[in-house]
1. Looking at Ile529, Ile478 in this structure, which one is farther than 30 Å from Pro655 by Cβ, modelled with pLDDT under 95 and touching a Pro at 6+ places or on another chain (Cβ under 6 Å)?
2. Within the stretch 281-307, how many residues turn out to be assigned to a strand (DSSP E or B), surrounded by 20 or more Cβ atoms within 10 Å (Cβ to Cβ) and not aliphatic (A, V, I, L, M)?
3. How many residues does the stretch 494-546 contain that are closer than 27 Å to Thr561 by Cα, of a type in the set (A, V, I, L, M) and free of Cβ contacts under 8 Å to residues at least 60 places away in the same chain?
4. If you take just the helices (runs of 4 or more DSSP H) that sit entirely in the stretch 311-420, which of them hold at least 2 residues that are open to solvent by 40 Å² or more (accessible area, probe 1.4 Å)?
5. Taking Phe735 as meeting all but one of (1) among the aromatic types (Phe, Trp, Tyr); (2) more than 22 Å from Tyr565 (Cβ to Cβ); (3) open to solvent by 20 Å² or more (accessible area, probe 1.4 Å), write down the number of the exception.
6. Could you go through the stretch 671-684 and let me know if any residue there is of a type in the set (Lys, Arg), open to solvent by 10 Å² or more (accessible area, probe 1.4 Å) and either modelled with pLDDT of 95 or more or assigned to a helix (DSSP H, G or I) (or both).
7. Quick one: how many residues across the stretch 524-569 are more than 45 Å from the chain's Cα centre (by Cα) and over 14 Å from Gln658 (Cβ atoms)?
Amino acid sequence: MIRKLTVSDIEPKISIKDIENAEKVDVQKRANEALQIGLSIENRAYNIYISSPEYWKFDEMIVKIVQEFAKNRKAPNDWFYVHNFRNPSNPIALNLESEKGDEFISDIEKLIKNIKATLKQLIESEELNRIREEIVSEYNRKKESLLNELNKKANELGFIIQPIQPNVFNIIPIIAGEPISPQKFSSLSEEMREYINSKKSKLEEFISQTIREIHKLDREMREKIETIEKEGVKNSIKNYFLELQEKYSYNEKVYEFIKEMENDILNNYQLFLFPENQLPPGPLNPLRKYVVNRIVDNKELKGAPVIYEKNPTYYNLIGRIEKEVVMGALVSDVQNITAGSLHLANGGYIIVNIYDLLKEPYAYEALKRVIKHGEIVIEDIGERFSLFSTKNLKPQPIPFNGKIIIIGDNFLYYLLQIYDPDFREIFRIYVDFETEANYKDSIYFILEEINNIRVSNNLSDISKLAIVEIIKYMMRNIEDKEKIPLNTKLLMEIMMEANYIASIKKKEIIDVEEVKQAIKNREYRYSRIEEKLRELIKRGILVFDFHGEKVGVVNGLSVITLPEYSFGIPSRITASVGLGKAGIIDIEKETGLGGKIHTKAVLIIGGYILEKYGRETPISLQARLTFEQNYSGVEGDSASCAELLAILSAISEIPIKQNIAVTGSLNQKGEVQPVGGIPEKIEGFYYSLKIMGLLENNEVGVIIPYRNLKNVILNEEVMKAIKEEKFHIWTVDNFDDVIEIATGTKPQEFHNKTIEKLKDFSKRLKNNE
């Protein structure tokens, strides 16, 4: 059935009334239900993969949805790392209720401050000084007694001893009651020297024994003083620790940390006696081990945390152990441990873009380990590849109880499903968001997004007619008058530029003219290649015939698709026929320029010819089919109607009108099937005719499948030409309709002529054999 379209057939049926009567409809019902299930199931394997096109600014919307859900959850505990007094290289992870985190830090700070003051007061107290002096005096008397005994022994052996320095003596022999010099000793007889040296050896042995006893006394004295001091320290500070131990007795790990700290301070109380300016800097400061490091602070949270990690590097996710340069060396301690976004999201939700994640080395594998093992392990990834092993901190793992939400697209989701066995096990909730919806259901969504864009970017108000124009353009963008794409990126681009145009005009409202100009500007920015191809047509470099009739030549329609823009361009399809049995030879395929779908379309054309003309007469035919001046390849089946028309025209020698272009897919029964790129194809042929000055011919136009009627959304200029009947669009549902419009011949007459020629081919081929 042939139908010539009018403006009313083409114009989208959307009006201000639709805007005014828009009702709220959940256009993402399936996705929202899946997301709610994923957020609600508390199981390590039920993490969420959200499928959404990159062009849709979906991340902010997801964050809002998750934040709304998280409000009803309890805020998780704060997390701390503290010094491990038994194994300093393995810092201990502690957690406390978020409302008690500040209090815990303050308690430890006050504890250290009080201990410093108390110990200084204790060590400098008169009572302790008196006890120390008594102990020193007692041991000095014992050492004096030992020295007296030593002098007595020296005299008995005929020597005197002179102290040179503590516990070092000079031994001088005595002869006839007088000490002798080394020179006089040398002048003595050998027998006398040997006698004196033998006694000197005995004295040296006694001196060594005395020195050992003095050292022992010194050690006992120090230990006794230290014991008394330590006892005093213990009695002075025990109440501080008892108070804290009782306060935090409900938390076993905190309780144990406080006990271990008390033991360490008792053993190292002297550290508190040094002035601050005499202690080494940074991690070498021995008092830093008593400071707690809170890596996660949740006290401000109202509900569970929601973290959107926009830069998911390995260290940003897992955390790191930073190093400080001290005296030329890299050192670190528990204070250098910093949290990653997984720590911050623990007990809540973390959102990551899968493309950002996969671009970062080791980040994806680290994330999977956290999910599979349920814990976050902070480690230096460089250690895996270092030739030398160095001593590093290995903080205790922190249990992870959060939900991972990944945003990606369908393509990557199915790739990971196939090639990563872990992915299937740990991302069990798939959320597939719609990219388009029925236009009536979508209007409320579009109105909400327009308002959000306007408010968040401080844009002017927008008229209802302007909104209608935007919706029409968005329909055109997906080539469907019954649907609207949920493409907020495109919506924002149009709004931002229309607002700019309105501000230049000093208008306080965005109206239809500004929206149309914004759309025109956007298309103009991307149309350079399109204009160059039109210029090649005008100059005759790309050869086309747009008037008259030709045998075996038809104007097909192609679409060139760029990342942000698509446009149509005519394609000159030619066919030549002759005697032979080779059938249809697809030159594109033979030269490697034809794709699989195009090859299939050519075979379908052969099927149509066989059924239509080969029931009574054997078909003896050799036909060659090609797209002229095509050097980049052909794919798709949208030209199969045009290709069949070119072949049959070449066989029947019935010419085809060159001012009419043809697009449409064909099946073996001759039914015309819908194709893509309809608006671009129609406008592409229109502008090709315009540039050649051929629009005054009342017969120019395009033939499209009837089933593509809902896809015909055209710009104002082409619509005006249709209204003025300078350009036409015919819809068809079978190939006979194509024949009638494109050749001006009745279909049966065309087929009879074709059969006659095929019989003639067969007869002549048989005679030549």
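The values are calculated or read from the model by the stated rules, or taken from the named source; none is laboratory data. Only a predicted model underlies this, so the values are computations on that prediction, with no experimental measurement involved. Positions of Cβ are backbone-derived with ideal geometry, glycine not excepted, and every protein chain shown enters the neighbour counts. SASA here: full protein model, heavy atoms, side chains in, ligands and nucleic acids out. Shrake-Rupley method; radii C 1.70, N 1.55, O 1.52, S 1.80 Å.
1. After applying the criteria, what remains is Ile478.
2. The number of residues fulfilling the criteria is 1.
3. 11
4. Those helices (runs of 4 or more DSSP H) span 314-318, 354-359, 363-373, 410-419.
5. Just one mismatch for Phe735, condition (3).
6. No; the residues of the stretch 671-684 include none that is of a type in the set (Lys, Arg), open to solvent by 10 Å² or more (accessible area, probe 1.4 Å) and either modelled with pLDDT of 95 or more or assigned to a helix (DSSP H, G or I) (or both).
7. 5
Conditions (1) assigned to a helix (DSSP H, G or I); (2) of a type in the set (D, E, K, R); (3) at negative phi; (4) open to solvent by less than 30 Å² (accessible area, probe 1.4 Å), marked per residue:
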| position | (1), (2), (3), (4) |
| --- | --- |
| Arg454 | yes, yes, yes, no |
| Leu459 | no, no, yes, yes |
| Leu465 | yes, no, yes, no |
| Glu469 | yes, yes, yes, no |
| Lys472 | yes, yes, yes, no |
| Arg476 | yes, yes, yes, no |
